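The block underneath contains the structure these notes are about, expressed in structure tokens.
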Amino acid sequence: MKNQSFTFDQIHIEVARNATDDFNLFHDKHKWLQVTHNPFKGPIVLGYQLNTLIEYQMRLYRQAHHENRIIAENNLHFSNYQITFVNAVRPRTPVYLDIKKTLIKTIPGLTLGNRIAMKSDDKTVLLGFKKETQYPLFLADTKFNQLPDLNEIPDRTSIPNTDYFLKRKFMNNGSAKNFLSGSLAEQSDYFDELANIAHYPEIFPCSLTSGALLEKAQLENHDFKLNPMVYTSHEISVDRRFVNQLKNNDKLHILVRQLPESRENTLNQTNIMLRTYHCYGLLQNNDVLFRMTMNLVPLEEILKNLRQK
């Protein structure tokens, strides 16, 4: 697979950002120029597009190596992604994905894991792993049995007596198919109207969280042009049981909790403080579809750190 290349065009970025309501200026074919000190010299591919490319290629890898049977027989309900972003991907620049051989561990519980690396333009784009487990690897201890009825809480507001911001979304088959196509995944492997098949991909609901963060920042009067933020990492645990039950028009409550910035929480090998968000996707009865930690830093701080080296 190292030798197979994947190439995103600008239309793939347009389709993906429209499918997820992501209005980040870094992906806009016109407004990228308005980002102060933008080093990318053009629009860049969405992080969740790269995640979905990984999801799809891992799906093909599991099928080719007959690993789905192990996953089913051992109740490995959780799909986990740990991704560290190192560089950006530009349109029309080939991307190469390297999936390492599956490692099976039995302690503390059965785990199927694969190291992942992605390169573009001879530079490492991201590093991480994909693991299948019986329990979520990230934010597993968070409970939601004390929440008020989320259906009664206005969209884009704080949930009373909590630290959570609420963004309400609805599943849409067309948006999911567009996002798959925009991420270089074969949509017909997930959706087939004539066969009455509609299986949502794992990452698509998670990708809606980016728009939620943008809307939260917009309400807080964040200046996206003067103080752009970039992702440094995603940690995602998705419950496949609930993914398999998703249907068109299902309601998704996205909960976002921003952690206080701290000198104890910095970007690797720097003094740059991370802006960390804990995000959850809740379905009816507060069933947790996904759990995520997303880390961002100001672009200005990264550029300043690079100038000092």
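The values are calculated or read from the model by the stated rules, or taken from the named source; none is laboratory data. Keep in mind that this is a model prediction, so the values were computed, not measured. For neighbour counting, all protein chains shown are included, and Cβ atoms are generated from backbone atoms with ideal geometry for every residue, glycine included. These area figures cover heavy atoms from the full protein model, side chains too; ligands, DNA and RNA do not enter into them. Shrake-Rupley method; radii C 1.70, N 1.55, O 1.52, S 1.80 Å.
Against the list (1) modelled with pLDDT of 95 or more; (2) closer than 22 Å to residue 280 by Cβ, the condition residue 113 fails is (2). Could you tell me how many of the residues in region 9-46 are in a loop (DSSP other than H, G, I, E, B), in contact (Cβ under 8 Å) with a residue 40 or more places away in the chain and under 22 Å from the mean Cα position of the chain (by Cα)? Residues meeting the conditions: 11.
A single entry from 139, 208, 147 fulfils the requirement of being surrounded by 15 or more Cβ atoms within 10 Å (Cβ to Cβ), in contact (Cβ under 8 Å) with a residue 60 or more places away in the chain, more than 18 Å from the chain's Cα centre (by Cα) and under 20 Å from residue 283 (Cβ atoms): 147. Residues that are open to solvent by less than 30 Å² (accessible area, probe 1.4 Å) and in a loop (DSSP other than H, G, I, E, B) within region 173-186 comprise 183, 185, listed in sequence order. Residues in region 187-205 that are open to solvent by 10 Å² or more (accessible area, probe 1.4 Å) and of a type in the set (A, V, I, L, M): 194, 195, 197, 198. Annotation note: Cβ proximity below 8 Å between a residue of region 175-193 that is more than 14 Å from residue 248 (Cβ to Cβ) and a residue that is assigned to a loop (DSSP other than H, G, I, E, B) and open to solvent by 10 Å² or more (accessible area, probe 1.4 Å) (sequence gap 6+ or interchain) occurs for 180/186. Among the residues of region 150-165 satisfying the criterion of being within 22 Å of the chain's Cα centre (by Cα) and part of a loop (DSSP other than H, G, I, E, B), which is surrounded by the fewest Cβ atoms within 10 Å (Cβ to Cβ)? This residue is 155.
Condition first: more than 27 Å from residue 274 (Cα to Cα) and either part of a loop (DSSP other than H, G, I, E, B) or among the aliphatic types (A, V, I, L, M) (or both). Can you find one or more residues in region 79-89 that meet it? Within region 79-89, not a single residue is more than 27 Å from residue 274 (Cα to Cα) and either part of a loop (DSSP other than H, G, I, E, B) or among the aliphatic types (A, V, I, L, M) (or both). Using beta carbons and a limit of 9 Å, which pairs, at least six apart or on different chains, have the first residue in region 98-114 and of a type in the set (Asp, Glu) and the second one surrounded by 12 or more Cβ atoms within 10 Å (Cβ to Cβ)? Correct list of pairs: 98/115; 98/116; 98/117; 98/118; 98/119. A Cβ distance below 7 Å, combined with a sequence gap of six or more or placement on separate chains, defines the contacts here; from region 247-266, residues that are open to solvent by less than 50 Å² (accessible area, probe 1.4 Å) and among the aliphatic types (A, V, I, L, M) reach residues that are modelled with pLDDT of 95 or more and assigned to a loop (DSSP other than H, G, I, E, B) in the pairs 252/171; 252/283; 255/164; 256/164.
Within region 105-115, can you find the residues that are open to solvent by less than 90 Å² (accessible area, probe 1.4 Å) and either under 15 Å from the mean Cα position of the chain (by Cα) or more than 22 Å from residue 232 (Cα to Cα) (or both)? Before you say what the answer is, go through the steps one by one.
Kept after step one, since they are open to solvent by less than 90 Å² (accessible area, probe 1.4 Å), are these residues of region 105-115: 109-114.
Of everything in region 105-115, those that are open to solvent by less than 90 Å² (accessible area, probe 1.4 Å) and either under 15 Å from the mean Cα position of the chain (by Cα) or more than 22 Å from residue 232 (Cα to Cα) (or both) turn out to be 109, 110, 111, 112.
Just one of the numbered conditions (1) exposed (fewer than 14 other Cβ atoms within 10 Å of the Cβ); (2) closer than 26 Å to residue 160 by Cα; (3) of a type outside the set (D, E, K, R); (4) in contact with a Ser or Thr (Cβ under 6 Å, 6 or more places away or on another chain) is not true of residue 226: (2).
Residue-wise test of (1) on the phi < 0 side of the Ramachandran plot; (2) in contact with a Leu (Cβ under 9 Å, 6 or more places away or on another chain); (3) in contact (Cβ under 8 Å) with a residue 40 or more places away in the chain.
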position: 271; (1), (2), (3): yes, no, no
position: 278; (1), (2), (3): yes, yes, yes
position: 281; (1), (2), (3): yes, yes, yes
position: 285; (1), (2), (3): no, no, no
position: 292; (1), (2), (3): yes, yes, yes
position: 295; (1), (2), (3): yes, yes, yes
position: 298; (1), (2), (3): yes, no, yes
position: 301; (1), (2), (3): yes, yes, no
position: 305; (1), (2), (3): yes, yes, no
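Would you please name the residue that is nearest to the chain's Cα centre (by Cα), looking only at residues in region 72-87 that are of a type in the set (A, V, I, L, M) and open to solvent by 20 Å² or more (accessible area, probe 1.4 Å)?
As a first pass, look at region 72-87 and keep what is of a type in the set (A, V, I, L, M): 72, 76, 83, 86.
Now narrow it down to the ones that are open to solvent by 20 Å² or more (accessible area, probe 1.4 Å): 72, 86.
Numbers: 72: 24, 86: 15 Å.
By that ranking, first place goes to 86.
Restrict the check to region 257-265 and report whether at least one residue is outside any loop (DSSP other than H, G, I, E, B) and in contact with a Leu (Cβ under 8 Å, 6 or more places away or on another chain). Break it down into steps so the answer makes sense when it comes.
So the first thing to find is which residues in region 257-265 are outside any loop (DSSP other than H, G, I, E, B), and the list is 257-258.
Then drop every residue that is not in contact with a Leu (Cβ under 8 Å, 6 or more places away or on another chain), which leaves none.
No, the conditions are met nowhere in region 257-265.
Of the set (1) out of contact with any Cys (no Cβ under 9 Å at 6 or more places or on another chain); (2) in a strand (DSSP E or B); (3) open to solvent by less than 40 Å² (accessible area, probe 1.4 Å); (4) of a type outside the set (Gly, Ala, Ser), all apply to residue 235 but (3).
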